[in-house]
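Right, one structure below, let's go through it.
The values are calculated or read from the model by the stated rules, or taken from the named source; none is laboratory data. Model, not experiment: these values are computed from the prediction. Glycine also receives a Cβ, built like all others from the backbone with ideal geometry; neighbour counts cover every protein chain displayed.
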Amino acid sequence: MTPFDSILTPTQAQSFNLMEARIVIEQWRRHYNTVRPHSALG
């Protein structure tokens, strides 16, 4: 729940949540592919 949920229509709130999810998933993907240790490396 965001502070904006009270002023957004359900469709707008859903779009905002989808955008938030895309950002979080992209951050996780970058971390997963670059930062975490790879078992193949040793």
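Check region 4-12 and report whether any residue there is among the small types (Gly, Ala, Ser), at pLDDT below 75 and either surrounded by fewer than 10 Cβ atoms within 10 Å (Cβ to Cβ) or in a helix (DSSP H, G or I) (or both). Before you say what the answer is, go through the steps one by one.
As a first pass, look at region 4-12 and keep what is among the small types (Gly, Ala, Ser): 6.
Applying the additional criterion that residues be at pLDDT below 75 yields 6.
Subset that is either surrounded by fewer than 10 Cβ atoms within 10 Å (Cβ to Cβ) or in a helix (DSSP H, G or I) (or both): 6.
Yes, the conditions are met somewhere in region 4-12.
Looking at region 1-19, I want the residues that are acidic (Asp, Glu) and have a partner that is at pLDDT below 60 and loosely packed, with under 10 Cβ neighbours inside 10 Å with Cβ atoms under 9 Å, at least 6 apart or on another chain. Which pairs are those?
none
Report, by residue number, each residue of region 19-37 that is over 8 Å from the mean Cα position of the chain (by Cα) and either surrounded by 10 or more Cβ atoms within 10 Å (Cβ to Cβ) or not aliphatic (A, V, I, L, M) (or both). Working first, answer last.
To start, the set of residues in region 19-37 that are over 8 Å from the mean Cα position of the chain (by Cα) comprises 29-37.
Listed by number, the residues that qualify are 29, 30, 31, 32, 33, 34, 36, 37.
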